[in-house]
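Visitor: Here you go, one structure.
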Amino acid sequence: MNAFDLASAAAFRSAAAAPSAATAQRRAQYNAEAVLSATPAQLVTMLYDRLMLDLHRAVAAQEGSDWPAARDQLMHAQAIVGELSSTLRIDLWDGGEGLLAIYNYASTSLVTANVHHDVNATRDTIRILEPLRQAWHDAAAAIPAPGHQASDLDQRRQQGGALGVA
């Protein structure tokens with residue numbers, strides 16, 4: 001290989017590794033449209049999915065002693081837990097207060113994980129929240145698709161009330 005081929009190969013690898021600005025823009029537009037067209041229950045599942053992604057990334061960063069990356073992931077996870085807490089309608093569901101207590105515990109664990117570089121606190125948060133993520137996915141899947149002849153209970157579920165989501 002000559003010098004030109006090496007430079008071309010390096011440029012190609014570099015371009016292939018990072019998405020282009022157009023690709024990033026299309027991805028952002030797709031994500032925005034997905035959020036705007038989602039039902040309240042689907043929004044909750046999206047939040048949980050991103051929360052778990054952040055937590056797993058935080059564990060990987062903590063295990064590698066990459067504390068700035070761990071901090072960023074944990075801070076984003078805290079913001080998601082805060083959003084889940086603030087949109088929880090405890091007045092619509094008997095289990096709402098218990099779920100709020102879990103969110104409060106998770107938030108405190110994430111602060112502990114961040115401040116003390118405690119990977120076990122991050123893992124504990126995953127252990128607590130993963131079953132909830134799965135439960136929200138199951139609940140969202142049980143809601144009839146729009147256009148389905150819905151009963152009163154089905155209509156409340158589509159509005160998020162039966163799930164306790166604003």
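Visitor: May I ask you to rank 75, 52, 46 by accessible area, largest first, using a 1.4 Å probe over the protein chains only?
Guide: I get 75, 46, 52, largest accessible area first.
Visitor: To the nearest 0.05, what FRET efficiency results for residue 60 and residue 92 with a Förster distance of 25 Å applied to their C-beta separation?
Guide: On the way: r = 37 Å, r/R0 = 1.48.
Result of the calculation: an efficiency of 0.10.
Visitor: Further, regarding this structure: If you take the charge dipole of the range 36-150 about its Cα centre, with +1 on Lys and Arg Cβ and -1 on Asp and Glu Cβ, which of 120, 135, 56 is farthest toward its positive end?
Guide: It is 56, whose Cα lies furthest towards the positive end.
The values are calculated or read from the model by the stated rules, or taken from the named source; none is laboratory data. Please read these numbers as outputs of a predicted model, since none were measured by experiment. No Cβ is skipped: glycine too gets one built from the backbone with ideal geometry, and neighbour counts run over all protein chains shown. For accessibility, only protein heavy atoms count, side chains too; no ligands or nucleic acids. Shrake-Rupley method; radii C 1.70, N 1.55, O 1.52, S 1.80 Å.
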